[in-house]
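The values are calculated or read from the model by the stated rules, or taken from the named source; none is laboratory data. It should be emphasised that the depicted structure is a prediction, and the values quoted were computed from it without experimental measurement. Neighbour counts run over all protein chains shown; Cβ positions are idealised from the backbone, glycine included.
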Amino acid sequence: MQVNNEFKPTIVAFCCNWCSYAGADLSGTNRLNYPANVKIIRVPCSCRVNPMFILRAFQRGADGVIICGCHPGDCHYTTGNYYARRRMTLLFSMLDYLGIEKGRTRVEWVSAAEGAKFAATMNEFVETVTKLGENKRLEDLRCKN
Amino acid sequence: MQRIGVFVCWCGTNIAATVDVKAVAEALGKEPGVVFATDYQYMCSQAGQDMIRDAIKEHNLGGVVICSCSPRMHETTFRKTAEKAGLNPYMVEIANIREQCSWIHKDMPTATEKAVILGRAAIAKVHLNAPLTAGESPVTKRALVIGGGIAGIQTALDIADAGFPVDIVEKKPTIGGKMTQIDKTFPTLDCAACILTPKMVEAAQNENIRIFSYSEVDSVKGFVGNFHATIRRKARYVKEDVCTGCGLCTEKCPQKKVPNEFNLGLDNRRAIYIPFAQAVPKVATIDPNYCTMLKSGKCGVCAKVCTAGAIDYKQKDEFIEEDYGAIVVATGFNPIKLDRYDEYAYSQSPDVVTSLEFERLMNAAGPTAGTLLRPSDGEHPHTLVFVQCVGSRETRDCGKPYCSKICCMYTAKHAMLCREKYPDTEVYVFYIDVRTPGKNFDEFYRRAVEEYGVHYIKGMVGKVVPENGKLKVQASDLLSNEQIHIDADMVILAAAIEPDESARSIATMLTASMDTNDFFTEAHPKLRPVESPTAGIFLSGVCQGPKDIPETVAQAGAAASKVIGLLAKDHLMCNPCVAEANELMCNGCSSCEKVCPYGAITYSDKEFPGPNRTRVLRRVASVNPAVCQGCGACTVACPSGAMDLKGFSTSQIMAEVDAICK
Amino acid sequence: MQKNQELELTATIKRISGVNPRLCMKCGKCSATCPAFDEMDYHPHQFVDLVDKGQIEKLMNSKGIWNCLSCFACLERCPRMVEPAKLIEAVRLAVIRQQGQNHLKPEQIPDLLDENLPQQAITSAFRKYAK
């Protein structure tokens with residue numbers, strides 16, 4: 001029980017430069033709290049997120065990975081988020097099969113104006129991942145020093 | 001390994017209040033490769049920037065990490081600072097410890113720990129940064145406008161006024177487009193020809209504008225600033241530079257039974273014709289489908305009567321090649337075909353007409369010389385029924401799911417004009433919703449009801465049956481919850497509008513994207529409404545979405561200003577963060593080409609060293625850096641890992657992931 | 001309880017018919033096209049509206065549902081593919097089911113058979129009168 005209380009999951013968030021990264025900035029500007037476990041990596045578009053990045057994150061001990069992009073139809077590059085959505089649907093179902101629960105992976109659309117949604121999404125995601133506990137399934141123990 | 005300098009900003013108390021900046025600088029100073037780490041109150045201030053510049057020189061830094069506010073705020077500032085110190089601007093990375101750390105966390109140890117991790121990720125990335133230089137490409141100072149309607153004319157005039165040469169390519173024998181067929185314009189009831197024809201003449205006389213009428217764009221190659229187009233000038237069998245437009249041939253031609261498309265087939269023209277009196281260029285054209293001389297070699301009347309000797313039966317299609325810096329699409333629209341709307345009896349009775357046909361019937365230059373007469377018997381109609389939303393807002397596959405936007409207003413106009421010219425008529429308009437947003441639009445519609453006594457009925461016409469010279473209209477009146485029956489003399493259908501059928505092939509040619517309705521997509525629905533996502537392609541008029549004339553003219557001007565902004569530059573600076581194919585790894589599978597929204601990827605056969613000192617030809621991808629916008633879709637689609645995105649390379653993002661998960 | 005029943009009934013009607021009344025844009029073309037308009041107490045467009053509002057009971061008590069000719073003109077001409085005729089059919093079914101009144105029982109069939117009766121008529125009679 002004690003262990004669970006102190007467990008702080010590591011969350012990697014990939015945010016597209018045009019919508020979600022700006023949305024994350026806005027939630028900061030509005031001083032909306034979300035847990036410090038979330039670390040954001042800026043990518044030009046959600047379609048830049050290679051499934052390899054997600055596998056690598058889990059391999060290196062991440063407990064959850066979230067990808068944020070522009071709302072469908074609003075992509076700065078017109079179609080990028082559609083590719084991301086399709087690729088991630090496939091990847092996540094495979095990860096689920098490998099034992100990475102669906103709750104640990106997520107795609108969310110956050111626009112540059114949705115600071116509140118960004119914070120709320122992160123809060124909720126961290127809560128879900130915390131409940132699921134540590135990711136041991138895909139972690140490469142050789143990476144642990 | 002780069003020699004890296006880390007600069008932690010306090011941002012006054014914005015960062016320093018929740019992040020222990022000194023501890024962050026100290027912790028990051030111990031990271032591998034970091035040779036210098038410091039903190040300062042305001043890194044973006046002149047003093048802060050000087051500090052960075054001096055440190056770069058003093059410690060011979062190869063990479064810089066700045067822990068400060070969002071890169072969206074000051075990335076450019078710090079890149080410029082680095083550049084001034086002689087470092088490549090793309091060797092700078094920002095760790096966002098304000099918006100994404102100090103402002104959202106209240107607890108100092110937590111925030112400090114996160115700031116260190118974000119700093120580490122930035123350091124890991126900067127280790128793998130490579131100096132990037134923005135490429136330049138020259139700009140051809142000439143624009144191509146595809147489509148010579150009001151949108152194309154206005155765009156061309158505005159570009160020409162700024163001093164740039166423009167070519168208009170129009171597939172019909174004359175420019176002017178749909179507006180030439182319209183009688184009056186709402187809401188002012190100006191005569192359309194009176195305001196359009198001067199513009200057509202102006203375009204023809206402008207030194208900077210060339211008009212290629214009766215021509216089509218055959219192919220377009222190249223990219224922004226450097227397009228190369230082939231224009232097909234279709235044979236009109238009349239020498240354009242010799243014909244005086246006297247029209248004698250069009251009176252003497254013995255082939256009299258050619259449906260006149262300008263009047264939508266409501267009357268006939270000859271096989272040699274000038275579409276209308278004010279056509280630009282005013283040159284005759286022979287219709288090869290009807291000309292007896294061209295079909296059987298017997299006739300030649302037009303050549304005999306032509307005093308200028310302009311007729312040339314042996315004329316062939318001509319091809320013109322030209323370079324352009326920008327292309328404007330202004331392909332316009334057509335009303336949809338109504339042959340699948342049997343319920344309205346459009347194909348059964350000539351007295352059921354579309355609104356555009358009705359324009360011609362009301363027009364002084366139309367088939368009835370402006371007197372409203374029934375097409376079937378030439379009698380004066382007394383009861384007219386207008387049906388709105390025919391094919392618009394319809395999810396059946398014969399219709400269009402969108403609102404065509406202009407029908408409510410032109411129907412109000414038609415109804416009003418009928419009542420004004422012929423007070424003895426009863427005019428009914430069946431509507432689902434009357435949509436009249438626009439300056440003086442609703443007032444106009446209300447005038448039709450209040451002053452002119454047009455009967456607006458909320459409901460829809462269910463069927464029209466021609467019977468004993470009348471049209472039996474069965475409709476619903478939703479407000480009185482009744483089914484009503486009207487014996488009408490004419491039924492006018494407000495047909496939905498759809499993009500011109502040529503738009504799809506032009507979009508493919510230009511790699512400009514379209515929506516499911518074949519309207520061109522804009523680069524951003526709110527902020528870049530006149531640009532296509534493909535650089536150098538601009539949109540004008542209805543090809544982008546339904547519009548009325550003032551909106552079309554406004555968009556045409558906006559497109560022109562964007563074109564002028566592009567052509568005014570001698571060179572285009574390209575974004576250096578673009579995709580790049582590793583030719584040694586590429587297997588030529590085309591996966592990247594398919595996902596690229598900009599058509600930036602092309603394939604070519606290249607020679608590579610093969611086994612036993614042979615040379616092998618392989619098909620490999622190459623990215624045009626002037627066209628690529630750097631989204632990275634191709635990098636993930638590439639199965640062999642040959643594609644990478646500069647500035648956001650796979651190894652850089654992996655390094656960030658590693659640093660965060662450590 | 002009343003509300004729950006109503007919701008359940010509406011869901012049943014939507015399920016049986018496969019129609020989504022929210023697609024309706026209230027143009028009235030169904031009523032404009034209906035040949036039995038004058039015979040019906042609720043007209044096709046009202047039908048769609050009442051299902052959307054969940055007032056199925058009104059429709060079940062209406063005589064109009066038995067006067068619908070099932071000519072499918074409304075379905076054919078609806079611009080939004082709402083298919084009002086299918087809703088009416090579904091309400092008829094709901095009435096039959098609710099009353100437990102099977103107007104046709106399988107036992108009756110042998111007596112009804114004669115040489116001229118096509119197989120299809122039996123099938124369609126079952127469809128309309130026995131659920």
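All but one of (1) within 14 Å of chain A (Cβ to nearest Cβ); (2) modelled with pLDDT of 95 or more; (3) surrounded by fewer than 24 Cβ atoms within 10 Å (Cβ to Cβ) hold for B:Lys172; state the number of the condition that does not hold.
So the condition that B:Lys172 fails would be (1).
Do the conditions hold for B:Thr411, that is, is it farther than 30 Å from B:Val220 by Cα, β-branched (Val, Ile, Thr), surrounded by fewer than 23 Cβ atoms within 10 Å (Cβ to Cβ) and in contact (Cβ under 8 Å) with a residue 40 or more places away in the chain?
It is false that B:Thr411 is farther than 30 Å from B:Val220 by Cα, β-branched (Val, Ile, Thr), surrounded by fewer than 23 Cβ atoms within 10 Å (Cβ to Cβ) and in contact (Cβ under 8 Å) with a residue 40 or more places away in the chain.
Of the residues A:Gly69, A:Gly64, which is more than 10 Å from chain B (Cβ to nearest Cβ), under 12 Å from the mean Cα position of the chain (by Cα), free of Cβ contacts under 8 Å to residues at least 60 places away in the same chain and crowded, with 24+ Cβ neighbours inside 10 Å?
Values: A:Gly64 fails: free of Cβ contacts under 8 Å to residues at least 60 places away in the same chain.
Just one listed residue meets the conditions, A:Gly69.
In the stretch B:632-648, is there at least one residue being in contact (Cβ under 8 Å) with a residue 24 or more places away in the chain, of a type in the set (S, T, N, Q) and not assigned by TED's automatic domain parsing to the domain that holds B:Leu118?
Yes, the stretch B:632-648 has at least one match.
What are the residues in the stretch B:344-371 that are surrounded by 18 or more Cβ atoms within 10 Å (Cβ to Cβ), farther than 22 Å from B:Glu551 by Cβ and in contact with a Ser or Thr (Cβ under 9 Å, 6 or more places away or on another chain), if any?
Hits for the stretch B:344-371 are B:Tyr346, B:Ser349, B:Asp351, B:Arg360, B:Leu361, B:Met362.
Is there any pair linking a residue in the stretch B:510-529 that is of a type in the set (A, V, I, L, M) to one that is not in a loop (DSSP other than H, G, I, E, B), with Cβ under 6 Å and at least six apart or on different chains, and which?
Final answer for the pair search is B:Leu510/B:Val220; B:Leu510/B:Ile537; B:Ala512/B:Phe520; B:Ala512/B:Ile537; B:Met514/B:Ala507; B:Met514/B:Phe520; B:Ala523/B:Glu531.
So in the stretch A:43-56, with the set limited to residues that are buried (at least 23 other Cβ atoms within 10 Å of the Cβ) and touching a Phe, Trp or Tyr at 6+ places or on another chain (Cβ under 8 Å), which one is farthest from the other protein chains (Cβ to nearest Cβ)?
Out of the qualifying residues, it is A:Ser46.
Give the residues of the stretch C:1-40 that are in contact (Cβ under 8 Å) with a residue 24 or more places away in the chain, hydrophobic (A, V, I, L, M, F, W, C) and away from chain B (no Cβ under 12 Å), sorted by residue number.
Hits for the stretch C:1-40 are C:Leu7, C:Leu9, C:Ile13, C:Ile16, C:Val19.
Please note which strands (runs of 3 or more DSSP E) are completely contained in the stretch B:31-115 and include at least 2 residues that are within 43 Å of the chain's Cα centre (by Cα) and crowded, with 18+ Cβ neighbours inside 10 Å.
Because the criterion is at least 2 residues that are within 43 Å of the chain's Cα centre (by Cα) and crowded, with 18+ Cβ neighbours inside 10 Å, the strands (runs of 3 or more DSSP E) in the stretch B:31-115 that meet it are B:63-68, B:92-96.
Considering only the stretch B:429-472, state which residues are surrounded by 15 or more Cβ atoms within 10 Å (Cβ to Cβ), closer than 16 Å to B:Asp487 by Cα and among the hydrophobic types (A, V, I, L, M, F, W, C).
Once the filter is applied, which keeps residues that are surrounded by 15 or more Cβ atoms within 10 Å (Cβ to Cβ), closer than 16 Å to B:Asp487 by Cα and among the hydrophobic types (A, V, I, L, M, F, W, C), the stretch B:429-472 yields B:Val429, B:Phe430, B:Ile457, B:Met460, B:Val461, B:Val464, B:Leu471.
Out of B:Thr133, B:Thr155, which single residue is over 30 Å from B:Asp54 (Cβ atoms) and of a type in the set (S, T, N, Q)?
B:Thr155
Among the residues of the stretch A:93-108, what is the count of those that are crowded, with 21+ Cβ neighbours inside 10 Å and either in contact with a Gly (Cβ under 6 Å, 6 or more places away or on another chain) or part of a helix (DSSP H, G or I) (or both)?
Number of matching residues: 2.
Please determine, by comparing only the residues of the stretch C:13-27 that are crowded, with 17+ Cβ neighbours inside 10 Å and within 18 Å of the chain's Cα centre (by Cα), which one is modelled with the lowest pLDDT.
The qualifying residue modelled with the lowest pLDDT is C:Ile16.
Residues of the stretch A:22-41 being more than 7 Å from chain B (Cβ to nearest Cβ) and in contact with a strand residue (DSSP E or B) (Cβ under 6 Å, 6 or more places away or on another chain), which ones?
Matches in the stretch A:22-41: A:Asn37, A:Val38.
Under the condition of being in a loop (DSSP other than H, G, I, E, B) and within 10 Å of chain B (Cβ to nearest Cβ), which residue from the stretch C:41-59 is surrounded by the fewest Cβ atoms within 10 Å (Cβ to Cβ)?
C:Tyr42
Results for (1) on the phi < 0 side of the Ramachandran plot; (2) surrounded by fewer than 17 Cβ atoms within 10 Å (Cβ to Cβ), shown as yes or no for each residue.
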site: B:Leu539; (1), (2): yes, no
site: B:His571; (1), (2): yes, yes
site: B:Cys589; (1), (2): yes, yes
site: B:Cys596; (1), (2): yes, no
site: B:Asn612; (1), (2): no, yes
site: B:Ala633; (1), (2): yes, no
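Does at least one position in the stretch B:417-431 carry a residue that is at pLDDT 95 or above and within 12 Å of chain C (Cβ to nearest Cβ)?
Yes, the conditions are met somewhere in the stretch B:417-431.
For the stretch B:178-203, which residues satisfy the criterion of being of a type in the set (Gly, Ala, Ser) and in contact with a strand residue (DSSP E or B) (Cβ under 9 Å, 6 or more places away or on another chain)?
B:Ala192, B:Ala203 - these are the residues of the stretch B:178-203 that are of a type in the set (Gly, Ala, Ser) and in contact with a strand residue (DSSP E or B) (Cβ under 9 Å, 6 or more places away or on another chain).
Kindly check whether there is at least one residue in the stretch B:342-361 that is without any contact (Cβ under 8 Å) to a residue 40 or more places away in the chain, assigned to a helix (DSSP H, G or I) and over 30 Å from B:Pro275 (Cα atoms).
Yes, some residue in the stretch B:342-361 is without any contact (Cβ under 8 Å) to a residue 40 or more places away in the chain, assigned to a helix (DSSP H, G or I) and over 30 Å from B:Pro275 (Cα atoms).
Can you report the number of residues in the stretch A:109-126 which are part of a helix (DSSP H, G or I) and among the charged types (D, E, K, R)?
Counting residues in the stretch A:109-126 that are part of a helix (DSSP H, G or I) and among the charged types (D, E, K, R) gives 2.
What number of residues within the stretch C:50-61 are in contact (Cβ under 8 Å) with a residue 24 or more places away in the chain and within 14 Å of the chain's Cα centre (by Cα)?
Total satisfying the criteria: 5.
I'm checking my understanding of the structure. Among residues of the stretch B:379-403 that are out of contact with any helix residue (DSSP H, G or I) (no Cβ under 7 Å at 6 or more places or on another chain) and more than 13 Å from chain C (Cβ to nearest Cβ), which one is surrounded by the most Cβ atoms within 10 Å (Cβ to Cβ)?
Looking at residues that are out of contact with any helix residue (DSSP H, G or I) (no Cβ under 7 Å at 6 or more places or on another chain) and more than 13 Å from chain C (Cβ to nearest Cβ), I get B:Pro381.
Kindly indicate whether any position in the stretch C:66-85 is of a type in the set (D, E, K, R), closer than 21 Å to B:His485 by Cα and within 14 Å of chain B (Cβ to nearest Cβ).
Within the stretch C:66-85, one or more residues are of a type in the set (D, E, K, R), closer than 21 Å to B:His485 by Cα and within 14 Å of chain B (Cβ to nearest Cβ).
Counting only residues that are under 31 Å from the mean Cα position of the chain (by Cα) and either among the basic types (Lys, Arg) or under 18 Å from B:Val305 (Cα atoms) (or both), how many does the stretch B:249-294 have?
Total meeting the criteria: 4.
How many residues does the stretch B:76-117 hold that are within 11 Å of chain A (Cβ to nearest Cβ), of a type in the set (Ser, Thr, Tyr) and touching a residue at least 24 places away in the same chain (Cβ under 8 Å)?
2
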